[in-house]
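Peer 1: Let me begin by handing over the structure; questions about it come next.
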Amino acid sequence: MKKIAILGSTGSIGTQTLEVARINKDLDITALAAGSNIERLEEQIREFHPELVAVWTEENARKLRLSVADLDVKVVSGMEGLIEVCTHPETELVVTAIVGMIGIQPTIAAIQAGKDIALANKETLVTAGHLIMPMAEKYDVRILPVDSEHSAIFQCLNGENQREIGRILLTASGGPFRGKKRGDLQNIQVEDALKHPNWAMGRKITIDSSTLVNKGLEMMEARWLFGVEPKDICIVVQPRSIIHSMVEFTDGAVIAQLGTPDMKLPIQYALYYPSRRYLPGERLDFGKLKEITFEEPDMETFSGLGLAFDAAAVGGSMPTVYNASNELAVSLFLDRRISYLEIPEIIAWCMGKHKTIPDPTVEEILETERQTHEMIESRW
């Protein structure tokens, strides 16, 4: 039995990770952490019987303790609770599926405790990749990507020499507004932006996919995961999400990973790496597929993507500003307090105001996030 803990167990990646556990029967769920959905968390506790569970607020922790008083489970709260989940003595691998920069400190704690990381929290590497990757090497911990694109690159590199990468070709579906121009996006509503053509994801990441900011975050994450420079990462729009990403090598050969858009595949690959397991589900039918088309991303209309390359080029604390400003801007849009096109405008404004810290500590990263949010809240 492989023993795993899940941060963000009630979200999209967390629930699909538990589906993989349900299918395979040989994954022991030692610990779970969630934000505020304690009803779903209680259901998960009763099915998977973790020894330890964390929720964000102590108020919800008290409610959950009452709900599961008949079970042998410890309920904790706050950042201390997340760290306790990540460092549970019996856990071998931690799935970090929590959303936001809140995932940085628990991930560091897990690495220092010698746990392998199945990484689905972009913010950890986007903002602290310069700290996380050397730390993982120091503690001999594997960082196993869960995002479909990074898993695809990871699979393409299996057995290859990473020093022979020419370019990483990071694919994007283009989101629900592919082909539209800036004028077409003036009156976009929340409901429009939440209609992704291929993937079922959480609200925040679905908005990020529509603005192509998600692809910018993935580019910065890939930089650290695979040791390449941003200039060697090319974004390719592949509307049907059949090719999940590709690697071009120095000799010109290109290796691609293909599959149906099902997140359980990269999740299961990370959980069982280097082994593959049977996974029920739809398979590609190349007779029906007939063709796969490609486009270049429209960085003029979707300016958030270009800003990501700007942030990566500056480095230091600038990617934190990019991430933090987008995070709050998306929240404001979902709350209908700003328009859709104001999301990249807010990111650009915050980046323009920031004085970059070249090699930020965790404390400086979190303080940069706080200051960025404070700037936005003072104006919007």
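Peer 1: Regarding region 201-213, can at least one residue be identified that is surrounded by 14 or more Cβ atoms within 10 Å (Cβ to Cβ) and over 20 Å from residue 263 (Cβ atoms)?
Peer 2: Yes, region 201-213 contains at least one residue that is surrounded by 14 or more Cβ atoms within 10 Å (Cβ to Cβ) and over 20 Å from residue 263 (Cβ atoms).
Okay, residues lined up against (1) of a type in the set (A, V, I, L, M, F, W, C); (2) in contact with a Leu (Cβ under 8 Å, 6 or more places away or on another chain); (3) not in a helix (DSSP H, G or I):
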position: 179; (1), (2), (3): no, no, yes
position: 201; (1), (2), (3): yes, no, yes
position: 215; (1), (2), (3): no, yes, no
position: 219; (1), (2), (3): yes, yes, no
position: 234; (1), (2), (3): yes, yes, yes
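Peer 1: Another one. Could you count how many residues in region 341-380 are assigned to a loop (DSSP other than H, G, I, E, B) and closer than 19 Å to residue 330 by Cβ?
Peer 2: Result for region 341-380: 3.
Peer 1: Could you run through region 184-199 and say how many residues are surrounded by fewer than 24 Cβ atoms within 10 Å (Cβ to Cβ) and outside any loop (DSSP other than H, G, I, E, B)?
Peer 2: 5
Peer 1: Then there is this: So which residues in region 50-78 are among the small types (Gly, Ala, Ser) and surrounded by fewer than 18 Cβ atoms within 10 Å (Cβ to Cβ)?
Peer 2: 67, 69, 78
Peer 1: Here is a further query. When you go through 185, 169, 194, 157 one by one, which is the residue that is of a type outside the set (Asp, Glu) and touching a Leu at 6+ places or on another chain (Cβ under 8 Å)?
Peer 2: 185
Peer 1: Exactly one condition in (1) crowded, with 18+ Cβ neighbours inside 10 Å; (2) more than 19 Å from residue 99 (Cα to Cα) is not met by residue 314; state its number.
Peer 2: (1)
Peer 1: Taking into account only those residues within region 130-171 that are without any contact (Cβ under 8 Å) to a residue 60 or more places away in the chain and either touching a helix residue (DSSP H, G or I) at 6+ places or on another chain (Cβ under 7 Å) or among the polar types (S, T, N, Q) (or both), which is surrounded by the most Cβ atoms within 10 Å (Cβ to Cβ)?
Peer 2: Per the stated criteria, the residue is 141.
Peer 1: Residue under question is residue 279, and the condition is that it be surrounded by fewer than 18 Cβ atoms within 10 Å (Cβ to Cβ) and either closer than 27 Å to residue 344 by Cα or modelled with pLDDT of 95 or more (or both); does it hold?
Peer 2: yes
Peer 1: Residues to consider are 107, 127; find the one that is buried (at least 23 other Cβ atoms within 10 Å of the Cβ), out of contact with any Pro (no Cβ under 8 Å at 6 or more places or on another chain) and assigned to a helix (DSSP H, G or I).
Peer 2: Sole residue among the options that is buried (at least 23 other Cβ atoms within 10 Å of the Cβ), out of contact with any Pro (no Cβ under 8 Å at 6 or more places or on another chain) and assigned to a helix (DSSP H, G or I): 107.
Peer 1: Could you pull out the residue among 32, 41 that is surrounded by 21 or more Cβ atoms within 10 Å (Cβ to Cβ), part of a helix (DSSP H, G or I) and within 22 Å of the chain's Cα centre (by Cα)?
Peer 2: 41
Peer 1: Same structure again: Just need a number here: residues in region 47-67 that are touching a residue at least 24 places away in the same chain (Cβ under 8 Å), in contact with a strand residue (DSSP E or B) (Cβ under 8 Å, 6 or more places away or on another chain) and either assigned to a helix (DSSP H, G or I) or farther than 21 Å from residue 86 by Cα (or both).
Peer 2: Summing the residues that are touching a residue at least 24 places away in the same chain (Cβ under 8 Å), in contact with a strand residue (DSSP E or B) (Cβ under 8 Å, 6 or more places away or on another chain) and either assigned to a helix (DSSP H, G or I) or farther than 21 Å from residue 86 by Cα (or both) in region 47-67 gives 3.
Peer 1: Every residue in region 130-145 that is part of a helix (DSSP H, G or I) and among the basic types (Lys, Arg), please.
Peer 2: 138
Peer 1: Would region 349-362 turn up any residue that is at negative phi and at pLDDT below 95?
Peer 2: No, that holds for no residue.
Peer 1: Quick test for you: out of 102, 98, pick the one residue that is in a loop (DSSP other than H, G, I, E, B), within 26 Å of the chain's Cα centre (by Cα) and at pLDDT below 95.
Peer 2: 98
Peer 1: So, one more: Out of everything in region 241-256 that is within 20 Å of the chain's Cα centre (by Cα) and not in a strand (DSSP E or B), what residue ends up being modelled with the highest pLDDT?
Peer 2: Here the residue is 242.
Peer 1: Sticking with this one: For region 1-28, how many residues meet the condition of being farther than 15 Å from residue 103 by Cα and in contact with a strand residue (DSSP E or B) (Cβ under 6 Å, 6 or more places away or on another chain)?
Peer 2: 8
The values are calculated or read from the model by the stated rules, or taken from the named source; none is laboratory data. Owing to the predicted nature of the structure, the values given are computational and were not obtained by experimental measurement. Cβ sites come from the backbone with ideal geometry, for glycine too, and all protein chains shown count toward neighbours.
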